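Colleague: Pasting a structure below so you can have a look.
Throughout, read-outs are computed from the coordinates displayed, never taken from laboratory work. Just so it is clear, the structure is predicted and the values come from calculations on it, not from any experiment. When we count neighbours, we look across all protein chains shown, and the Cβ atoms used for this are built from the backbone with ideal geometry, even at glycine.
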Amino acid sequence: FIDSGSQVTVGNSALQRAVNTRKLAVAGAGRIVPIYSVTSQVAYGQYEVLRELSFGGDAKLRNLPVVFSDLHTFDLWGLSDTPALLIGADTLSALSQVTLDFGRHEVVFNA
């Protein structure tokens, strides 16, 4: 999911387990950091840096910071048990181009 209002990219626990299984995280990360909502609520998550993340065909990002947390948003979307990523402005700004086509329900990423 894309959340251009979020300053950080957040993954759920299911995605974190998949990342850990494949050893995609950079060693030495893992500190607990706060996540502030627009409504002033605070959640906490584990900061990791992913060696590489591929999505949308040819788009690949290296050394991508992700905060892993089981936010209520993942529950609302029924994604608690499925690896999911909420792509924030930090990741969007690392891409050379992002095209949103709301009519076709498509997103095109160019790294």
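Colleague: Which FRET efficiency, nearest 0.05, do Gln41 and Glu106 yield, Cβ-Cβ r, R0 25 Å?
Modeller: The calculated FRET efficiency here is 0.20.
Colleague: Using 1/(1 + (r/R0)^6) with R0 = 41 angstrom and r between the beta carbons of Ala18 and Ser96, what's the FRET efficiency to the nearest 0.05?
Modeller: Taking R0 as 41 Å, the efficiency between Ala18 and Ser96 is 0.95.
Colleague: Which residue fluctuates the most in the chain, going by a Gaussian network model with Cα springs under 10 Å, if the choices are Thr91, Thr82, Thr39?
Modeller: Largest GNM mean-square fluctuation: Thr39.
Colleague: Among residues other than Ile2 whose Cβ falls under 15 Å from its Cβ, what is the net charge (Lys/Arg +1, Asp/Glu -1)?
Modeller: Cβ neighbours under 15 Å give a net charge of -3.
Colleague: Can you give me the long-range amide H partners of Val8? Hydrogens built in the peptide plane at 1.01 Å from N, cutoff under 5 Å, separation of 5 or more residues or another chain.
Modeller: Amide H neighbours of Val8, under 5 Å, 5+ apart: Ala89, Asp90.
Colleague: A further question follows. Quick one: which residues, 5 or more positions from Ser80 or on another chain, have an amide H under 5 Å from its amide H? H modelled 1.01 Å from N in the peptide plane, none for Pro or chain starts.
Modeller: For Ser80, whose amide H was placed from the backbone, there are no distant partners under 5 Å.
Colleague: Determine, at each q value in 0.12, 0.18, 0.19 (inverse angstroms), the log₁₀ of I(q)/I(0) that the Debye formula gives when each Cα of the chain is one equal point scatterer.
Modeller: Cα-only, vacuum Debye calculation for the chain: -0.41, -0.95, -1.06.
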